[in-house]
Amino acid sequence: MSHQRYEMVVGLEVHVQLKTRTKAFCGCSADFGAAPNVNTCPVCLALPGALPMLNRHAVELATRAALGLGCSVHTLSIFARKNYFYPDLPKGYQISQFDQPLATGGSVVIGKTENGSDIKVGITRVHMEEDAGKSIHDRYPGASAIDLNRSGVPLIEIVSEPDIRSAAGAGAYLRTLKQILQYLDVSDVSMEEGSLRVDANISVRPPGQEKLGTKTEVKNMNSFSGVEKALESEFKRQCALLDSGQRVQQQTLLWDGTRGTVRPSRTKEGSHDYRYFPEPDLLPLMLDATWIHEARGNLPELPDARKKRFVEAYGVSPTEVEQLTAAPELAEYFEGVARASGDGKAAYNWVMGEVMAALRGSGVDIGRFKVRPADLAQLLKLVREGTISNTAAKRVFAGMAETGKPAPQIAAEEGLLQVGDEAAIATWVDEVLDEHPEEARRYLAGEKKLQGVLVGFVMKKSKGRADPKRVNQLLSSRGG
Ligand SMILES: [Zn+2]
């Protein structure tokens with residue numbers, strides 16, 4: 001394959017919508033999904049004379065995100081106008097940050113090399129900006145429409161160093177980044193709803209060459225796997241160009257997911273084309289060093305730290321911990337169960353087994369799931385104490401998920417409490433021996449291995465309520 005003679009070099013620009021109630025520079029709602037142009041005002045419609053006012057919460061979230069990505073947050077940053085014409089940009093410029101961004105110099109660990117050292121992707125910068133509106137091309141025959149609800153919604157742009165060397169690496173970076181932002185609780189990070197968007201810069205060069213090749217920018221990818229496919233496709237295209245003696249032209253390309261190819265959009269503007277200059281309607285953004293320091297101290301526990309702690313505290317394996325910490329809500333749920341039940345392994349088995357199955361089956365998210373961690377922990381305790389059997393526990397759990405009632409109540413109502421009472425168990429054993437004379441004869445004649453079969457019959461007869469330990473004891477005392 002010719003393209004193995006080249007190395008892929010990728011840097012990603014990720015736009016993330018911050019989870020604020022209102023927009024970046026006005027009081028309009030930043031909610032997704034409202035009727036077109038409902039969430040607008042003179043500021044975000046760019047009516048003459050309207051002035052922007054910075055949303056403090058957006059700054060807090062942007063700062064938290066930057067700190068969580070290991071960046072230095074600067075006490076002084078400058079909002080700048082990025083000038084360009086587009087129908088969904090009524091001001092004719094976007095408020096962004098240019099030469100003095102909010103934060104610089106972070107990194108993200110995306111995996112381990114074969115010898116166990118971290119694979120890191122550098123974060124060049126995190127800056128604040130506003131979103132543009134949305135052009136709608138397919139709803140009205142022969143016309144395009146514009147929805148300005150998104151105009152002025154606060155974003156951060158996270159720009160990576162060109163440290164990524166494969167499509168899979170880009171996928172790993174994006175998944176890691178998304179997970180960190182979820183733990184930081186700064187964004188919904190949903191590609192479907194447009195609160196996370198990715199542009200990729202890609203070039204190729206012979207391995208070992210320092211100088212970067214000419215890059216193209218690939219846009220319009222709407223899933224992480226779409227990013228990976230687009231990068232593979234563009235990598236092959238660039239390799240083929242070089243192999244045939246042609247040059248890669250610097251340009252912007254749009255990924256066509258259905259065809260699996262890229263197509264040219266427009267020639268890439270150099271940054272001078274945007275004629276950036278400081279936004280005269282906004283003061284420089286000054287952050288108190290103490291405030292930044294406190295924000296760093298208030299960061300929530302991040303995925304890597306949580307994984308390490310879970311392995312140590314709850315005895316789960318490295319593979320299990322990856323599943324448990326995939327999303328912060330799941331990790332918190334698991335920890336609630338593990339802590340209250342005192343049994344990390346059982347908590348893992350139940351959360352990844354029954355709980356996940358119930359969530360998938362009902363489409364409910366874990367935050368609204370009726371069985372709260374303390375309730376599940378109580379069920380696990382009932383099993384451990386022998387009050388109900390493992391089989392009965394699954395039925396109790398189904399009842400809990402449906403009604404939200406506590407485990408002991410359901411177990412009692414459904415008659416699932418384990419019966420340890422000798423007389424009751426003796427009756428079931430007698431009945432089973434009567435009903436299965438052949439097995440009974442052979443067992444009593446010394447065929448010990450039939451004990452398991454007979455215990456099974458007793459469990460079935462008792463509908464799972466007999467305490468298997470007592471059944472075994474009783475059978476042993478009778479036979480063999
Ligand atoms: Zn507005």
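Rule-based calculations on the coordinates, nothing more; no lab input. Small disclaimer: the values here were computed from a predicted structure and weren't measured. In this analysis, Cβ positions are derived from the backbone assuming ideal geometry, glycine residues included, and neighbour counts consider all displayed protein chains.
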Does residue 41 satisfy being within 15 Å of the ligand (Cβ to nearest atom), part of a loop (DSSP other than H, G, I, E, B) and over 16 Å from residue 282 (Cα atoms)?
-> yes
Return the total of residues in segment 150-165 being within 16 Å of the ligand (Cβ to nearest atom) and closer than 30 Å to residue 205 by Cα.
-> 0
With respect to the numbered conditions (1) closer than 15 Å to residue 128 by Cα; (2) within 16 Å of the ligand (Cβ to nearest atom); (3) touching a strand residue (DSSP E or B) at 6+ places or on another chain (Cβ under 9 Å), which one is the sole condition not fulfilled by residue 36?
-> (1)
Among (1) within 27 Å of residue 298 (Cα to Cα); (2) more than 16 Å from the ligand (Cβ to nearest atom), residue 85 falls short only on (1)
Within segment 447-468, of all residues that are part of a helix (DSSP H, G or I) and in contact with a strand residue (DSSP E or B) (Cβ under 8 Å, 6 or more places away or on another chain), the one surrounded by the fewest Cβ atoms within 10 Å (Cβ to Cβ) is 459
Which numbered condition residue 98 fails, given (1) of a type outside the set (Lys, Arg); (2) more than 16 Å from the ligand (Cβ to nearest atom); (3) surrounded by fewer than 19 Cβ atoms within 10 Å (Cβ to Cβ); (4) over 27 Å from residue 223 (Cα atoms) = (3)
Within segment 179-193, work out how many residues are touching a helix residue (DSSP H, G or I) at 6+ places or on another chain (Cβ under 8 Å) and closer than 20 Å to residue 32 by Cβ.
-> 8
All conditions in (1) within 17 Å of the chain's Cα centre (by Cα); (2) over 25 Å from residue 405 (Cα atoms); (3) among the aromatic types (Phe, Trp, Tyr) are true of residue 334 except (2)
Would it be correct to say that residue 72 is away from the ligand (no atom under 16 Å from the Cβ), under 30 Å from residue 169 (Cα atoms) and polar (S, T, N, Q)?
-> yes
Got a sec? Which of 50, 58, 46, 66 is crowded, with 21+ Cβ neighbours inside 10 Å and either within 16 Å of the ligand (Cβ to nearest atom) or of a type in the set (Ser, Thr, Tyr) (or both)?
-> 58
Having 3 or more residues that are without any contact (Cβ under 8 Å) to a residue 24 or more places away in the chain is the bar; report the helices (runs of 4 or more DSSP H) wholly within segment 218-325 that clear it.
-> 289-297, 303-314, 318-324
Matching residues, segment 133-170, being over 15 Å from residue 15 (Cβ atoms), assigned to a strand (DSSP E or B) and in contact with a Ser or Thr (Cβ under 7 Å, 6 or more places away or on another chain) = 135, 136, 137, 144, 146
Could you pull out the residue among 131, 188, 199, 138 that is within 16 Å of the ligand (Cβ to nearest atom) and not polar (S, T, N, Q)?
-> 131
Among the residues of segment 367-424, write down those that are more than 29 Å from the chain's Cα centre (by Cα), outside any helix (DSSP H, G or I) and surrounded by fewer than 21 Cβ atoms within 10 Å (Cβ to Cβ).
-> 385, 386, 387, 405, 406, 414, 415, 417, 419, 420, 421
Answer with yes or no whether residue 91 is away from the ligand (no atom under 16 Å from the Cβ), of a type in the set (Lys, Arg) and assigned to a loop (DSSP other than H, G, I, E, B).
-> no
Based on what the data block shows, is residue 145 touching a strand residue (DSSP E or B) at 6+ places or on another chain (Cβ under 8 Å), more than 16 Å from the ligand (Cβ to nearest atom) and among the hydrophobic types (A, V, I, L, M, F, W, C)?
-> yes
